[in-house]
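Notes follow the structure.
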Amino acid sequence: MKAVVAGGAGFIGSQLVDRLLDKGYEVLAVDMIPADRARNIAHLSDRRGFEYMSIDMNGDEFAEVCKGADEMYHLAANSDIRSGGQDPHIDFDNTLCTTRSALEAVRANGIPRMFFSSTSAVYGDKKGKRLTEDEGDLRPISYYGASKLASEALISAYSYMCGFDALIFRFPNVVGPRLTHGVIFDFIEKLERDPSRLVILGDGRQNKQYVYSQDLVQGICDFMSRGYEGYNIFNISTESFTDVNTIADIVCRGMGLDDVKYEYTGGSCGWKGDVPSFDYDISKAKSEGWSFRYNSTQAVEATVTAVLSTR
């Protein structure tokens, strides 16, 4: 089997590449990161069956390099929702347009199966409503969420018109080794600069679901191996929550800091477009075998340990 992993040098994509290679796949990882800066896949440079190409997915070259692929794993997107909120072009170009390019590569090459990484952000802010995949009132409040929802619509149409199978996971917040952004990464960087104080966006009570990246990658591979037909969407999470203040405590403890002053910017959200809390119903995924080793707080703890070990 040959797989193309779009976004294959990124945080989640690189771990998926590792797993696919271990399963015996030939893997082409594609990303915009220059090869000499692609640290997440540097250990694979001599791995048999692995190839990396640094190209712009939105150019004509991408469809050409995907010839002969059996599966497309599309994880290429803007990964920093907060920065994308300051410029709509970031998510349009790097999230929605990359999806169109991936779909054109699938169509042009007759690739029979595709995976897409979507997000809880497609739901918008539902104020405590328990979210199922059948929720029809999808009102994203960030450019990122809107671009992911538009991507889902494109995949649905292409899957039907071109006759390929599409599997979509709607992720919560994903943490784990190789993390490069998000609250854990930000807290560590802030405390390295000033270990006496920590500025926390919002009020610190934002309460979200976190999933460990290696649990997620295992789930992607497991579900793709089952050969679902047509267009399928699953909420993926851990059924548990961790608030921002708890994350701050875990980071401080991991860094051996006992007397850090927390300072809050105020408000219930960290930034405009942020959803302070959401509650996934994952019964559909669980009925199909979704499982995880780490609950939300354990995932945060394991991530702090992993990130600090590389500093």
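Values in this text are rule-based calculations from the coordinates and carry no lab data. Everything numeric here is computed off the predicted structure, so don't read it as measured data. Note: ideal-geometry Cβ built from the backbone for every residue, glycine included; neighbour counts use all protein chains shown.
At a Förster distance of 30 Å, what's the computed FRET efficiency of ARG39 paired with ASP137, Cβ-Cβ distance as r, to 0.05?
0.15
The range 1-37 to the range 200-232: how many Å between their Cα centroids?
Each part's Cα centre sits 18 Å from the other's.
Please work out how much length the chain gains when fully extended from ASP279 to LYS261, using 0.36 nm per residue of separation minus the C-alpha to C-alpha distance, in nm with one decimal.
Taking 0.36 nm per residue and subtracting the Cα distance, the gain is 3.5 nm.
Mind checking which of VAL304, SER79, GLY7 is farthest towards the positive end of the chain's charge dipole, using Cβ charges of +1 (Lys, Arg) and -1 (Asp, Glu) about the Cα centre?
Selected residue: VAL304.
What does the charge dipole of the range 107-214 about its Cα centre add up to, to the nearest 20 debye, if the Cβ of each Lys and Arg holds +1 and the Cβ of each Asp and Glu holds -1?
100
Whole-Hz ³J(HN,Hα) for each residue in the range 156-172, computed from phi via Karplus 6.51 cos²θ - 1.76 cosθ + 1.60 with θ = phi - 60°, x for glycine and proline: what do you get?
For the range 156-172, the Karplus curve yields 4, 5, 5, 4, 5, 5, 9, x, 10, 8, 10, 10, 10, 9, 8, 7, x Hz.
Report the charge-dipole magnitude of the chain in Debye, nearest 20, computed about the Cα centre from +1 at each Lys and Arg Cβ and -1 at each Asp and Glu Cβ.
Roughly 360 debye for the chain.
Using only Cα atoms, find the angle between the long axis of helix 213-224 and the longest principal axis of the chain, and express it within 0 to 90 degrees, rounded to the nearest 10.
Its long axis makes an angle of about 30 degrees.
What is the angle, in °, between the Cα long axis of helix 11-22 and the longest principal axis of the Cα atoms in the chain? Nearest 10 is fine, range 0 to 90.
50
In whole angstrom, how long is each semi-axis of the equivalent ellipsoid of the chain, when you take the square root of 5 times every eigenvalue of its Cα gyration tensor and sort them from largest down?
Taking √(5λ) for each eigenvalue gives 31, 22, 18 Å, largest first.
Does the range 16-116 classify as rounded, prolate or oblate by the C-alpha gyration tensor (a ≥ b ≥ c root eigenvalues; a/c under 1.5 gives rounded; else a/b over b/c gives prolate, otherwise oblate)?
Since a/c reaches 1.5 but b/c is at least a/b, the shape of the range 16-116 is classed as oblate.
For the chain, what proportion of DSSP beta bridges, expressed in % and rounded to the nearest 5, is antiparallel?
Percent antiparallel among DSSP bridges in the chain is about 5.
Nearest 0.05, what FRET efficiency do SER54 and ARG311 give at R0 = 30 Å with Cβ-Cβ as r?
Once the sixth-power term is evaluated, E becomes 0.70.
Looking at the range 103-210, what % of its DSSP beta bridges pair antiparallel, to the nearest 5?
Bridges in the range 103-210 are about 0 percent antiparallel.
In whole Hz and in residue order, list the ³J(HN,Hα) couplings for the range 103-117 that follow from phi through the Karplus curve 6.51 cos²θ - 1.76 cosθ + 1.60, θ = phi - 60°; x for Gly and Pro.
5, 5, 5, 4, 5, 5, 9, x, 5, x, 9, 9, 10, 10, 8
Relative to the longest principal axis of the C-alpha atoms of the chain, give the angle of the C-alpha long axis of helix 244-254, reported between 0 and 90° and rounded to the nearest 10°.
80
Taking only DSSP H segments of four or more residues, each worth -39500 (n - 2.57), what value at 222 nm results for the chain once the sum is divided by all its residues, to the nearest 500 deg cm²/dmol?
Rounded to the nearest 500, it is -10500 deg cm²/dmol.
Measuring from label point to label point, each 7 Å out along Cα→Cβ, what is the GLU189 to PHE92 span in nm?
2.6
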